[in-house]
Structure formats: structure tokens, C-alpha cells
Amino acid sequence: MIELTGLTKRYGSTTAVDRLSFTVRPGVVTGFLGPNGAGKSTTMRMIMGLDKPTSGDALVDGTHYAKLKEPLTRVGALLEARSVQGGRTAYNHLLWLAQSNDIPARRVDEVLGLVGLTEVARKRPSGFSLGMGQRLGIAAALLGDPRILMFDEPVNGLDPEGIHWIRNLMKQLAAEGRTVFVSSHLMSEMALTADHLVVIGKGQLLADMPMAEFISQNSRSYVRVRTPEPERMRDVLTAGGVHLADGPDGTIEAEGTDAAKIGELVAAEGVVLHELSPQQASLEEAFMRLTAQTVQYQAGPGTAAGAGLAAGPNWQQPPQTTAPGGPVDVSKVDVSQKEGN
Amino acid sequence: MAQLTRVLSSEWTKIKTVRSTVWTLALTFLTTVVIGVLFCLLVRYLIPAGERGVFDPTFTSFGGISMGQLAVICFGVLVVTSEYSSGMIRASLSAVPQRGLLMGAKTLVGVGAALAVGLVTAFVSFFLGQLVLGSELNTSIGEPGVLRAVIGAGVYLALMAALSMGVAWLLRSPMLSFGILIPLFFLVSGILGMIPRARDVAQFLPDQAGSTIMAVGDMGEFGGIDRAYGPWGGLLIMVLWVAAALAAGYATLKSRDA
Ligand SMILES: Nc1ncnc2c1ncn2[C@@H]1O[C@H](COP(=O)(O)OP(=O)(O)O)[C@@H](O)[C@H]1O
Ligand SMILES: [Mg+2]
């Protein structure tokens, strides 16, 4: 269990982590999602006692990490930045780690086998690929067989096979009843692995809920309508009791109905249709809307920054502005993959 | 106590499993011994008997230490800064979050290794030096003060390593640490030692103070410098410098983010 209460970190005038409070529970994979620079790595470093919080607190199993006598047997972490000296062999790197926490040396061979590095155990990590370096970091995290695991952007730089391996590893660790806390800046990645989701933006908590709930709240479905006669179309559909929203490129988004109903309404009035397609808003889009809002709230002076954001309901009616990066291509994330993996 | 033992063994594994520590310590030995022998040859054959002043054969055999200490400085600096330049400090502090314990163990292991190499270096330098000086000039380990001076030379090298480690914990960057330590001991200290006024101050620099422990006779007689302290006083001054450097390093490690 990891508990954060009001955790805050300021670097000069930038607030990297802003009053974060949440709990990471055992038995599930908790995804820690936020755009680059949101404060994920800083939060994880503070949990590890590497960086000192400006205020607030981070506890692992009810104590400060710095108080743990054999921390590697309690918490294993893969940090974002490399933390291996290139000139010391993989085996010796794990060996000194093991010795420092009274972990038997045979465990070194075990974890090397577990991550598939047995062949290169006597090689120097300076010659390792990104993926091999990542595997060595994971071996170090698993060394003490800890009940709490943290992975900061573990899939970065991995090939598809490695990504698949890490996803399964995290699920397996959670299934064993461990606390698994994994960060990513990609919603799609989280959708595939996380059971619980914590979203932050600009250091602030934006959402903290089960993945399933996040999906059901955010998988808005609608029908995209494209027409050369938007005025008439709106009148016809509104008269037919359809709720409308503006889509990108002058399209109309019809909510709370299906394509068949719209087709019939339009045909009855003879309006020209160029497109009529059912859409599923992607989680990626939901995530971008969520984080775009922090940007907006912070940009406007006088608005109560962060007020009501964490509680959530207001971000379900996002502002009409498109998220940064231009129009979002919807339906990129296929939620059904979650089970198939 | 159990924790200290295992952190010590972990630090020992760290230190012996990278090439740079082996190289720098080997270089400390070779540089000191080789230059010491050459220096003794120079003294024996090139300097006429009348110009030898009050000759200290023990101190003469340590003529290579001023160069050899540069290698031991590299050792001390690299042992600490390699943790920072590689990012491994994060792994180290994850494994041993008690920062004082980590620093203490690393310093003990580093200084211990430097002391072992330093003592071997000192004894080899001494005996080879005496051999080269020949029976007319040399002394023996049994003469008063000689054993103290030889062991002192080994201790001096270990203290130099400790000082460098303290500075490295403080500065974290290898370039910054070298940039301060190497010119200080290779140039500044020597130059100040030659300027009459500055000499009064320069004699309190760690290397100048510490090196009095390697001399059997009064340093004043050998180098023509009036020191305000004897060999033990000099050693104490150097120890104070080391303590200050380690304290500054500890304060930094304790307060700054890793
Ligand atoms: N050591 C540091 N000094 C100054 N600013 C920092 C430092 N570490 C992180 N930051 C800033 O804090 C913010 C959060 O960074 P980070 O935690 O790395 O985000 P994330 O991991 O979510 O991408 C960024 O704006 C980053 O520039
Ligand atoms: Mg990060």
C-alpha cells in the first residue's frame, strides 16, 4: 500500500507535484497517468525518499521509505532515469544490491533468469540495448521479492515483445496480491494494463477511480453527421429530439440516438447527407480533455485552480476547445483489447 | 551493526567490480614508487654531497607522492562521482535510504582500500628508495621516527582519498571535483609554498601540513620552511581538513535531492 497525503514538490517557481492525495492498493495494477511533465516521476522519487517533498507525505506500508531497514524486500522500483553504472556487469550490479539488503546471492541468478538476462549476466550494461537495460532495472526491482512494485514508464524503449512481457508481468504481480503502481503518459498503455487509474495533470490529481468506471464514464458514443446543409440538418435533427454537439471540421455529433433513427429523420426531410457514422470517443480523447482542462484552469487567472477537479463530474462536460495537438482522432483505443491481452 | 556489515560488503563489491578503482589505485602505487626511485637516483648521483643540506633519506624516498597523490585523488573522486554521473546513486539510496550509513560505508571502504594500497606503496617506496640511495646516504626502518614516517606516508595517501571523497560528495560532478583538487594540490599549494608571505598560510593546506608526517627530521631543516607544527600537528591539521570536507559532503547528501 502506498499512501500520499497532500504531497507537494516545488522546484523554484514550478510546482511539479501539487497536493496529491491518493492511495495505491494491493492486488490490482494501478495506472499513474499524466502527460509528460505532469509530475509522475517526481512523485515516485518522493515515495522512494530520493527527493524531499516540499510539504505533505508519502508512506509505504505506513512508514517512510527512508526508515526501512531492508527496503528492497518491501518495495521494488524501476525508476525512469537509468540507475546502473555501465562498467559493472549485470551480475555484479545485482550482487551489491542483494548484499546491501541481506538477500541471498542465488536470488541474483533467479531474477536474471526471470527477466531473460542470464546470457548477458557477465556483460557490462554499457553495451546493453534500451530494452536490456530496462530488463536489468526490472530484475533489480524484483530482487527482494517485494510486495510493492513501482515502474516509471516501463515500456519506454521496448520492442513489442518486451512490452507484451512487461504487461503480463505487472498483471501477474498484481494477481499475486502485490501492490503494482505503474506510470505512463499513454492512455492506450494504461487501458491495456491498469485495473485502477490515477490521472494527474500539472501535478494535480484529476481522477482516481477504477479503470472500468473511467471507461464507462468516458466512452461517449455518438453519430457523426456530415452535410453540405448544416443549418437545415440541425433544425431537422433538433426537431426530431436529437441532442447535438459540434464536431471537428464542421461535422455534427448526434448523441443519444443511433444512425438508423437519424437516417430516417433525414430521409423524411430530404436533407443531403455526406457522412453518417457511429463513433466511440476514445479514452485517449477523454484523457486529453481531462488534462487540457488543467491547462485551461491554470491559464485563466482568477479561476480557482484545481477547485472541484479531483471530484470529477465537471470534467465530463469538457470545454468546447479541442485538446492541444489539434483534432483528436476518435476510436483509436479499442477497449476490447484489454481482455484479449 | 548487522546493517553496517552488509552495507560495507555491498560497497566493497561495488568498489572492486569496476575497472576505474583498480586503475587509479594501481597508478597510485606505480607513480609513487617509480618517481620516488627516480628522485632517489637524482639525489644520489646529481646533487653534490655539500648541497644536500640536512638530508632526510626517508622523506626523499617519498619524492613520488606529490604525483602519486593525484591518482589517489582520482580514485576518491571517481568512487563517489561515478554514482552520480551514472545515476546509480538512486539505486544506492533505494537500497540504503539511510544516507549517513551509505556515505559512512562507502567512505570506510574507499579509505580502507586507499590505506591498504597506500601502506604497500609507502613501504615499497621506502625500501626501494633506500636501496637506490646506497649505504652512504640511506637509513633503515629501525632508526628513530622512520617507521612513523613510512606508515605516515600510507596514512597520508588514505587521508587524501578521504578528502577527495568528501569534496566529491559535496560537488557530485567529477569534472568540478578534479577541477578544484588537482590544481590545488598540483599547482597552487606548491606555488604558494614558494612565495615567502604566502608560505605562512600555505603551510596549513592539507597536503603541506599532512606531508610533515612523512619526514623524519624537521621539515624546516629539509625544505627550509619553518613550520608552526611538528609531524603530529601536521597530521592533525590534515585530519581536520578531511573532517571538514566529509562534513560538508554529508550535509549536502543529507539535504539535497538525490
Ligand atoms: N530536479 C528538478 N529540478 C527542476 N525541475 C524539475 C526537476 N525534476 C522535475 N522537474 C519539473 O517538474 C515537472 C514534473 O516532472 P516529472 O516528474 O519528470 O514529470 P513526468 O514524469 O510526469 O513526465 C516538470 O515540469 C519538470 O520540468
Ligand atoms: Mg517521468
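The values are calculated or read from the model by the stated rules, or taken from the named source; none is laboratory data. As the structure is a prediction and not an experimental result, all values here were calculated from the model. Using ideal geometry, Cβ is built from the backbone for each residue, glycine included, and neighbour counts are taken over all protein chains shown. Quick note on the areas: whole protein, heavy atoms, side chains included, nothing else; ligands and nucleic acids left out. Shrake-Rupley method; radii C 1.70, N 1.55, O 1.52, S 1.80 Å.
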Quiz item: Please state the relative contact order of chain A as a whole percent: Cα pairs under 8 Å, 6+ residues apart?
Solution: 18
Quiz item: If the viscosity is 1.306 mPa s and the temperature 10 °C, what Stokes-Einstein diffusion coefficient in µm²/s follows for chain A when Rh is the Kirkwood radius over Cα pairs?
Solution: 72
Quiz item: So which trypsin sites (Lys or Arg not before Pro) in the range A:85-164 end up in coil per DSSP with only 14 or fewer other C-beta atoms within 10 Å?
Solution: A:R122, A:K123
Quiz prompt | Burial of 50 Å² or greater, the range A:36-70 residues [accessible area, probe 1.4 Å, versus chain by itself] | solution = A:L50, A:K52, A:K69
Quiz prompt | Extension gain from A:A175 to A:D258, taking 0.36 nm per residue of separation minus the Cα-Cα distance | solution = 26.0 nm
Quiz item: Based on the Cβ-Cβ distance of A:E213 and A:H274, what FRET efficiency does E = 1/(1 + (r/R0)^6) give at R0 = 41 Å, to the nearest 0.05?
Solution: 0.70
Self-check item: Where B:W232, B:W12, A:W165 fall by accessible area, highest first, once all protein chains stay in place (1.4 Å)
Solution: B:W232, B:W12, A:W165
Quiz item: Which Rg and Dmax, in Å, describe the Cα atoms of the protein assembly as shown?
Solution: 33.5, 124
Quiz item: Where the accessible area of the range B:2-182 is counted over protein heavy atoms with a 1.4 Å probe, how much of it, in %, is carbon and sulfur?
Solution: 75
Exercise. Would you mind computing, in nm to one decimal, how far apart the modelled labels at A:E229 and B:Y45 are, each placed 7 Å from Cα along Cα→Cβ?
Key: 11.2
Quiz prompt | Subset of A:K40/B:K16; A:K52/B:K16; A:K69/B:K106 violating a 29 Å alpha-carbon distance limit | solution = A:K40/B:K16; A:K52/B:K16
Self-check item: Å² of accessible area per residue within chain B, as computed with a 1.4 Å probe and no ligands counted
Solution: 42
Self-check item: List of the range B:78-106 residues, accessible area with partners at least 20 Å² below that of the chain alone (1.4 Å probe)
Solution: B:S82, B:S86, B:M88, B:R90, B:A91, B:S94, B:A95, B:P97, B:Q98, B:R99
Quiz prompt | Portion, in percent, of the accessible area of chain A that falls on carbon or sulfur, probe 1.4 Å | solution = 52
Quiz item: Per residue, how much accessible area does chain A show when a 1.4 Å probe rolls over the protein heavy atoms, in square angstrom?
Solution: 43
Exercise. With just the Cα atoms of the range B:2-182, tell me how far they stretch along each of the three principal axes, in Å, largest first.
Key: 62, 34, 23
Practice problem: For each pair in A:K9/B:K14; A:K67/B:K254; A:K202/B:K254, compute the distance between the two Cα atoms and list the pairs where it is over 22 Å. | Solution: A:K9/B:K14; A:K202/B:K254
Exercise. For the range B:228-258, list whatever residues lose no less than 40 Å² of accessible surface once every protein chain is in place, relative to that chain by itself, with the probe at 1.4 Å.
Key: B:D257
Quiz item: In Å², nearest 100, what accessible area do chains A and B bury in total when the solvent probe is 1.4 Å?
Solution: 2600
Practice problem: Using the charge dipole of the protein assembly as shown (Lys, Arg: +1 at Cβ; Asp, Glu: -1 at Cβ; taken about the Cα centre), state which of A:V115, B:I195, B:L108 has its Cα farthest towards the positive end. | Solution: B:I195
